[in-house]
């Protein structure tokens with residue numbers, strides 16, 4: 001059995017289940033664990049049968065529930081190494097210190113050192129080893145003894161999540177351009193242009209069926225065009241309407257980012273690809289990652305329909321629009 005189920009697609013969370021043979025994987029985990037399980041049950045998918053999670057990139061709408069879901073199910077997560085590092089930095093950010101705070105810290109440390117020096121000069125060398133270092137060491141030894149006693153009385157091991165919020169049951173690395181397999185699914189990751197550490201799209205293959213996944217890309221590069229040929233299902237970004245984005249509520253800096261070559265694909269750009277570079281082989285074309293603020297499903301659909309209608313050979317393609325707040329009906333092959 002080959003099945004493709006979009007659970008959520010948009011700026012607030014993205015997750016898709018891909019099934020091939022006896023293998024079922026989750027592409028991105030942008031929903032909370034509770035909401036993901038709810039969506040899967042609505043779509044007729046069993047969360048307990050997931051074998052792995054594969055991640056396109058580290059932006060929050062793609063990894064928001066990743067750690068909790070992976071730990072809850074005890075399944076591995078597949079990243080590129082750069083994406084994994086970026087995810088860990090996002091999850092455990094370093095404390096930032098301003099210049100004024102740094103100066104204040106230096107003054108405080110200098111004052112403490114001066115106070116220690118004055119104490120030694122006034123009191124002289126103590127008879128017993130009561131230096132600050134030794135006192136601290138004694139305290140740490142006592143604390144370790146107490147902790148050891150507590151550990152003996154309470155055999156419960158320390159929760160790894162509390163000591164490391166980025167802990168996962170297992171991590172597997174892959175590289176764009178190097179296919180790999182997860183059970184019965186063959187996975188071909190490819191580089192996409194987006195403002196993330198190492199973003200990728202995927203082509204999944206099982207039982208002779210090829211399913212392409214291409215969202216969060218500023219434009220369709222020659223490499224992406226090559227990857228999207230000869231697929232049976234094409235999930236393609238159609239993020240925004242240009243006029244709605246320009247007149248919409250986003251700050252100008254955000255609008256520039258979305259419009260850039262490492263931003264998101266517009267309705268017009270998606271339609272341009274479908275009209276000129278798409279080979280028409282997919283039985284299903286799914287428009288995905290629509291912006292709630294800068295797009296309407298009707299606008300995305302009309303632009304794509306016009307592009308497909310202009311080419312007689314593409315009339316057999318079934319056009320669907322993925323939603324943010326409800327799963328799309330599962331597609332079976």
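How about the stretch 227-268: which of its residues are in a loop (DSSP other than H, G, I, E, B), within 19 Å of residue 298 (Cβ to Cβ) and more than 22 Å from the chain's Cα centre (by Cα)? Can you show your working first?
Within the stretch 227-268, the subset in a loop (DSSP other than H, G, I, E, B) is 228-232, 238-239, 241, 248-251, 260-265.
The next check asks that each one be within 19 Å of residue 298 (Cβ to Cβ); those that pass are 238-239, 241, 248, 264-265.
Residues satisfying the conditions are 241, 248.
Would you pick out the residues in the stretch 182-202 that are over 20 Å from residue 76 (Cβ atoms) and surrounded by fewer than 23 Cβ atoms within 10 Å (Cβ to Cβ)?
Those that are over 20 Å from residue 76 (Cβ atoms) and surrounded by fewer than 23 Cβ atoms within 10 Å (Cβ to Cβ): 190, 191, 193, 195, 196.
Hey, any hits in the stretch 207-220 for a residue that's in contact (Cβ under 8 Å) with a residue 40 or more places away in the chain, surrounded by fewer than 16 Cβ atoms within 10 Å (Cβ to Cβ), more than 18 Å from residue 314 (Cα to Cα) and in contact with a strand residue (DSSP E or B) (Cβ under 9 Å, 6 or more places away or on another chain)?
Within the stretch 207-220 (the criterion being in contact (Cβ under 8 Å) with a residue 40 or more places away in the chain, surrounded by fewer than 16 Cβ atoms within 10 Å (Cβ to Cβ), more than 18 Å from residue 314 (Cα to Cα) and in contact with a strand residue (DSSP E or B) (Cβ under 9 Å, 6 or more places away or on another chain)), the answer is yes, since at least one residue qualifies.
Do the conditions hold for residue 298, that is, is it part of a loop (DSSP other than H, G, I, E, B) and either outside the structural domain of residue 209 (by TED's automatic domain parsing) or over 15 Å from residue 265 (Cβ atoms) (or both)?
No: the conditions fail for residue 298.
Could you give me the residue pairs with C-beta distances under 6 Å whose first residue belongs to the stretch 177-196 and is in the same structural domain as residue 210 (by TED's automatic domain parsing) and within 29 Å of residue 257 (Cα to Cα), whose second residue is outside any loop (DSSP other than H, G, I, E, B) and modelled with pLDDT of 95 or more wherever it lies, and which are 6+ apart or on separate chains?
That search, which allows pairs on different chains as well, returns 188/203; 189/200; 189/202; 190/201; 190/227; 192/201.
So which residues in the stretch 269-295 are loosely packed, with under 14 Cβ neighbours inside 10 Å and not in a helix (DSSP H, G or I)?
Listed by number, the residues that qualify are 279, 292, 293.
From the list 234, 242, 228, 287, which one is more than 20 Å from residue 319 (Cα to Cα) and touching a strand residue (DSSP E or B) at 6+ places or on another chain (Cβ under 6 Å)?
Details: 234 fails: more than 20 Å from residue 319 (Cα to Cα); 228 fails: more than 20 Å from residue 319 (Cα to Cα); 287 fails: more than 20 Å from residue 319 (Cα to Cα).
Going through 234, 242, 228, 287 in turn, the sole match is 242.
For the stretch 46-63, what are the residues that are in contact with a helix residue (DSSP H, G or I) (Cβ under 8 Å, 6 or more places away or on another chain) and buried (at least 20 other Cβ atoms within 10 Å of the Cβ)?
Scanning the stretch 46-63 gives 50, 53, 55, 56, 57, 58, 63.
The values are calculated or read from the model by the stated rules, or taken from the named source; none is laboratory data. All of these numbers come straight from a predicted model, not from anything done at the bench. Don't worry about glycine lacking a Cβ; one is built from the backbone with ideal geometry, like all the others, and counts go over all protein chains shown.
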